[in-house]
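The values are calculated or read from the model by the stated rules, or taken from the named source; none is laboratory data. Not measured: the values here are computed from a predicted model. Here the Cβ positions follow ideal geometry from the backbone for every residue, glycine too, while neighbour counts run over all protein chains shown.
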Amino acid sequence: MNRQEVFDLFLDGMLDCAAEAFHSTDQYRLLQEKLERMERDCETNLTQDEQDFARKCFELLLDVSGQQEQYIYRQGMRDGVAVLKRLGVLA
């Protein structure tokens, strides 16, 4: 495993820990309640075909959002290191 792969694995672990911490917050609980309410509304108001289409759309949106989250998290780590180097905290 090369240095980049080790670094990526390290960042993935940090992101997983941050996500797990977020999942224990009230904000996450409220968001989950909203999602459950939306799912119930979809089941009530949409046909099965419409539900399937909506589910596929939401899955795609969640996938894109997750990839964006990973990119931003990694860039934030790089930016943080660059700032610390510029301030002379890191060599």
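Give just the number: which of (1) surrounded by 11 or more Cβ atoms within 10 Å (Cβ to Cβ); (2) closer than 18 Å to E69 by Cα does L46 not satisfy?
Among (1) surrounded by 11 or more Cβ atoms within 10 Å (Cβ to Cβ); (2) closer than 18 Å to E69 by Cα, the lone unmet condition for L46 is (2).
Every residue, every condition in (1) of a type outside the set (D, E, K, R); (2) farther than 26 Å from L9 by Cα; (3) at pLDDT below 95, yes or no:
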site	(1), (2), (3)
R29	no, yes, no
E33	no, yes, no
L46	yes, yes, no
Q51	yes, yes, no
E59	no, no, no
V64	yes, no, no
Q68	yes, no, no
Y73	yes, no, yes
V83	yes, no, no
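Being outside any loop (DSSP other than H, G, I, E, B), free of Cβ contacts under 8 Å to residues at least 40 places away in the same chain and loosely packed, with under 10 Cβ neighbours inside 10 Å, is that true of even one residue in the stretch 16-24?
Yes, the stretch 16-24 contains at least one residue that is outside any loop (DSSP other than H, G, I, E, B), free of Cβ contacts under 8 Å to residues at least 40 places away in the same chain and loosely packed, with under 10 Cβ neighbours inside 10 Å.
For the stretch 54-91, enumerate the residues that are polar (S, T, N, Q) and within 30 Å of M38 (Cα to Cα).
S65, Q67, Q68, Q70
Scan the stretch 1-15 residue by residue and report those that are loosely packed, with under 12 Cβ neighbours inside 10 Å, under 20 Å from E69 (Cα atoms) and not polar (S, T, N, Q).
E5, V6, L9, F10, G13
The conditions are (1) among the hydroxyl-bearing types (S, T, Y); (2) within 29 Å of Y73 (Cα to Cα); (3) in a helix (DSSP H, G or I), and T44 fails exactly one of them. Which is it?
All conditions are met except number (2).
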